[in-house]
Amino acid sequence: MSIKKNPIVTNIYTADPAPMVDGDTLYLYTTHDEDELIDHFYTMRDWRCFSTKDMVNWTDHGSIFSLDDISWAEDRAWAPQTIKRNGKYYMYCPVQKNGHSGMAIAVGVSDSPTGPFKDLGYPLIDEGEDDWNDIDPTVFIDDDGQAYLYFGNPELRYVLLNEDMISYNKEVGVVKVPMTTEAFAKGSHFTGTSYGEGPWFYKRNGIYYMVYAGFRESTEKVNEHLAYSTSDSPTGPWKYGGVLMTEEGGTFTNHPGIAEFKGHSYLFYHTAELSGGEEFQRSVCVAEFKYNEDGSIDTIAKCDHIEGI
Ligand code: FUB
C-alpha cells in the first residue's frame, strides 16, 4: 500500500493549507514561509499550489500568485482560500495594503485552478488602515447559490458575496458574528472566547460547520488548537462543537482546511516539526478522519502519514 508521509511538502516551508476539490483532483493552496526571515516574523510573499489525484503523488505548481501581482499590497501574503464558480477560480488572499498597518482581502481571478491569477486592482474587504481583523477568508457557496465570505481575527465577520464573487452586498455590509461562549466556548483570546482565526466554513448533510484555530482558557500564552462550531443556518447562531486538534504542533499557529475527496474526509493543518520548532517556518500536513453518525467530530490526532486512495 502506498503512503504519503507528513509534511506534504519538504523542499520549502508551507502553511495555512486550503484544499479545493475540482473533478478528480484535489488542489492544495498554501502560503509560503521564506527560508530567510526578516525581523524574525512572518516573511511571506507568495501563494503556492500543489495537486494530487490519490493523496500520495503530488504535483508542485509553484508560485501561482504573489505580492508582485497586487500593485496595492505591500507585505504579508497570508492565508488564502480558492473556490470555483461558473468556470472561473477565485482566490481570496489577505495582505497588508501599501502604507497601512492593518490587513485587507484581495481577490485573484483565473481561468485555471493553477493560475495565473489576476488581481482585481483593489481590495474586496478593507475595514480601515489599522484594522487587522481582515484576514483568513473562507468562502462557501450554498445550495441556493448564495456565497458567503467569512474571515477575521479576533472577531468572526462575514459578507454576502454577489454572484460575480468579486463584490458583496453593501446594504448588508460586513456582519459581525456575536462572539459568545455558547458559539465558541470560553477561551483566552481577546473576545473571551476560544475563537482565534483561520475559519473554514462548509456544509455537510445539512449541518453548517465553522472550523477554526483558537486559544483555550489559560492565564499564560498558549499555542493555537483547532476547534469547531456548528449551525443549522449559514449565518448562525453557532454552537460550540469541541476540540478538533490539540496544541501539539510545535508552533504558535495552526490553520485548518477540510476536504471531502473520493469518499474520504481530510483535515489539513500545519506544524513546525520540519523546521525543528521555528514558528515562522511551518509545513502543511494532512490527517484522515471520520464523522460520527450525528455529524459531530472527535478530536483528530496529528499523524505521521496517510494512505493513498
Ligand atoms: O500565516 C499567517 C497567519 O498565521 C495566518 O493568516 C493565520 O491563520 C496564521 O496561520
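Mind listing whichever residues of the range 32-65 are within 27 Å of Tyr266 (Cβ to Cβ), in contact with a His (Cβ under 9 Å, 6 or more places away or on another chain) and either within 16 Å of the ligand (Cβ to nearest atom) or assigned to a strand (DSSP E or B) (or both)? The answer is Met44, Asp46, Trp47, Arg48, Cys49, Phe50, Ser51, Ser63. Just a yes or no: is a residue in the range 247-256 closer than 18 Å to Ala18 by Cβ, in contact with a Leu (Cβ under 7 Å, 6 or more places away or on another chain), modelled with pLDDT of 95 or more and surrounded by 15 or more Cβ atoms within 10 Å (Cβ to Cβ)? Checked against the condition, which is being closer than 18 Å to Ala18 by Cβ, in contact with a Leu (Cβ under 7 Å, 6 or more places away or on another chain), modelled with pLDDT of 95 or more and surrounded by 15 or more Cβ atoms within 10 Å (Cβ to Cβ), the range 247-256 yields at least one hit. Summed over the range 86-111, residues that are touching a Phe, Trp or Tyr at 6+ places or on another chain (Cβ under 7 Å), more than 15 Å from Leu67 (Cβ to Cβ) and more than 16 Å from the ligand (Cβ to nearest atom) total 2.
Taking the criterion of being surrounded by fewer than 19 Cβ atoms within 10 Å (Cβ to Cβ) and either within 16 Å of the ligand (Cβ to nearest atom) or among the polar types (S, T, N, Q) (or both), the residues of the range 235-246 that qualify are Thr235, Thr246.
Just one of the numbered conditions (1) in contact with a Pro (Cβ under 6 Å, 6 or more places away or on another chain); (2) surrounded by 19 or more Cβ atoms within 10 Å (Cβ to Cβ) is not true of Asp142: (2). The residues of the range 252-271 that are without any contact (Cβ under 8 Å) to a residue 40 or more places away in the chain and within 11 Å of the ligand (Cβ to nearest atom) amount to a single one, Phe252. None of Gly192, Gly214, Gly249, Gly173 is away from the ligand (no atom under 16 Å from the Cβ) and closer than 30 Å to Glu278 by Cα except Gly192.
Kindly establish whether Met20 is farther than 20 Å from Glu273 by Cα, away from the ligand (no atom under 13 Å from the Cβ) and not in a strand (DSSP E or B). No: the conditions fail for Met20. Look at the range 69-95: where a residue is touching a residue at least 40 places away in the same chain (Cβ under 8 Å) and within 22 Å of Asn254 (Cβ to Cβ) and a partner is assigned to a helix (DSSP H, G or I) and within 15 Å of the ligand (Cβ to nearest atom), sitting 6+ places away or on another chain with Cβ atoms under 8 Å, you get Ala77/Leu67.
Can you find, within the range 147-175, the residue that is farthest from Asp68 (Cα to Cα) among those that are among the hydrophobic types (A, V, I, L, M, F, W, C) and part of a strand (DSSP E or B)?
The qualifying residue farthest from Asp68 (Cα to Cα) is Val175.
Being within 20 Å of Tyr42 (Cβ to Cβ) and out of contact with any Ser or Thr (no Cβ under 6 Å at 6 or more places or on another chain) holds for only one residue in Lys221, Lys290, Lys262, and it is Lys221.
With Ala259, Ala185 as the choices, which residue is among the hydrophobic types (A, V, I, L, M, F, W, C) and farther than 18 Å from Ala287 by Cβ? Among Ala259, Ala185, only Ala185 is among the hydrophobic types (A, V, I, L, M, F, W, C) and farther than 18 Å from Ala287 by Cβ. Note on the range 246-300: among residues that are of a type in the set (Asp, Glu) and in a loop (DSSP other than H, G, I, E, B), the one that is farthest from Asn153 (Cα to Cα) is Glu293.
The set of residues in the range 144-156 that are touching a residue at least 60 places away in the same chain (Cβ under 8 Å) and over 11 Å from the mean Cα position of the chain (by Cα) comprises Gln146, Ala147, Tyr148.
Across the range 1-33, what is the total count of residues that are acidic (Asp, Glu) and crowded, with 16+ Cβ neighbours inside 10 Å?
Of all residues in the range 1-33, those acidic (Asp, Glu) come to 16, 22, 24, 33.
The next check asks that each one be crowded, with 16+ Cβ neighbours inside 10 Å; those that pass are 16, 33.
Qualifying residue count, the range 1-33: 2.
For Ile64, are the conditions met, namely being of a type in the set (A, V, I, L, M, F, W, C), under 30 Å from Gly308 (Cβ atoms) and crowded, with 17+ Cβ neighbours inside 10 Å? Answer is yes for this residue. It is to be established whether one or more residues within the range 289-305 are surrounded by fewer than 23 Cβ atoms within 10 Å (Cβ to Cβ), out of contact with any His (no Cβ under 6 Å at 6 or more places or on another chain), under 19 Å from Ile12 (Cα atoms) and modelled with pLDDT of 95 or more. Yes, the range 289-305 contains a residue that is surrounded by fewer than 23 Cβ atoms within 10 Å (Cβ to Cβ), out of contact with any His (no Cβ under 6 Å at 6 or more places or on another chain), under 19 Å from Ile12 (Cα atoms) and modelled with pLDDT of 95 or more. Is the range 76-83 home to any residue that is more than 15 Å from the ligand (Cβ to nearest atom) and among the hydrophobic types (A, V, I, L, M, F, W, C)? Yes, the range 76-83 contains at least one residue that is more than 15 Å from the ligand (Cβ to nearest atom) and among the hydrophobic types (A, V, I, L, M, F, W, C).
The values are calculated or read from the model by the stated rules, or taken from the named source; none is laboratory data. Owing to the predicted nature of the structure, the values given are computational and were not obtained by experimental measurement. We place every Cβ from the backbone using ideal geometry, glycine too, and count neighbours over all the protein chains shown.
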